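A short worksheet on the structure shown next.
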Amino acid sequence: MPWSFGLFLVLMGGCLLLAARLPVAHARISGTFGNGLRTLLGNRPWRLFLLLSFISGAGLSVVHYYLFLYLEGIGASRSLMGYALSIGTVSEMAVFYFSDRLLRRWGRRRLLLFSVLVGSMRVLAYSWIDTPSLALAVQLLHGPSFAMLWVAGVSYAHALAPAGLGATAQAQFVGVNFGLGGATGAMVGGFLYQHMGLALMYRWAGVWLVVGLTVYMLADRRPTEPAYASG
């Protein structure tokens, strides 16, 4: 275990050096920051997107925070837990690699809806599986559920943010999905885990995602969306 933390420190140090050399784009804010922020928050498609981001973040947080407890509960070895994380990471990298082509082919809204649908299928599968090898197969859905949401979210922020407020839109997306949604799902998931067990915790998370996706689709029936442009 000490070697793991040391390797993590070295790799994160390398990431820091690389990040310091990345080019940063600059854009002038049209008008004041306050007016731009009100324009962004007044955009109904953006507010609905943030709502679905919260729903997805809360639903998938039971995977992020309780996956290893679940694997331990169904008899998975420590090596298999490592394989599960590796499989999920590979599927995530594949989605990010093909993200530009996926956006051009299907559009951000379809990717968003598909990611939440796959997320609900993923947590529902966990609620019924009691075999470690099957859990590894379900981990392949990590990319289409988690990474695809982030691909759509970055694209939404790029398309809907007023000039100069791209970073602000990104911060709202991350804060709502991984921050507020993640914290809410972790707390509620912990309560369900304590009183109902892991299987029912995942089942309720699946119901939450299905209901949230349905509400979003009923509230946002736009026939079109802002055009996607790479870069």
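Things worth noting here:
- Subset tally (residues that are charged (D, E, K, R) and modelled with pLDDT of 90 or more) for segment 10-43: 1
- Pairs linking a residue in segment 35-59 that is hydroxyl-bearing (Ser, Thr, Tyr) to a residue that is not in a helix (DSSP H, G or I), with Cβ atoms under 8 Å and 6 or more positions apart or on different chains, are 39/162.
- Flag for residue 189 being modelled with pLDDT of 90 or more and closer than 15 Å to residue 47 by Cα: no
- Listed by position, the helices (runs of 4 or more DSSP H) inside segment 68-186 whose residues that are within 15 Å of the chain's Cα centre (by Cα) and surrounded by fewer than 21 Cβ atoms within 10 Å (Cβ to Cβ) number at least 1 are 78-97, 99-106, 108-128, 148-160, 166-174.
- Residue check for residue 218: part of a helix (DSSP H, G or I) and at pLDDT 95 or above: no
The values are calculated or read from the model by the stated rules, or taken from the named source; none is laboratory data. Quantities reported herein were computed from a predicted structural model and do not represent experimental measurements. Neighbour counts are summed over all protein chains in view; Cβ atoms, including those assigned to glycine, are modelled from backbone coordinates with ideal geometry.
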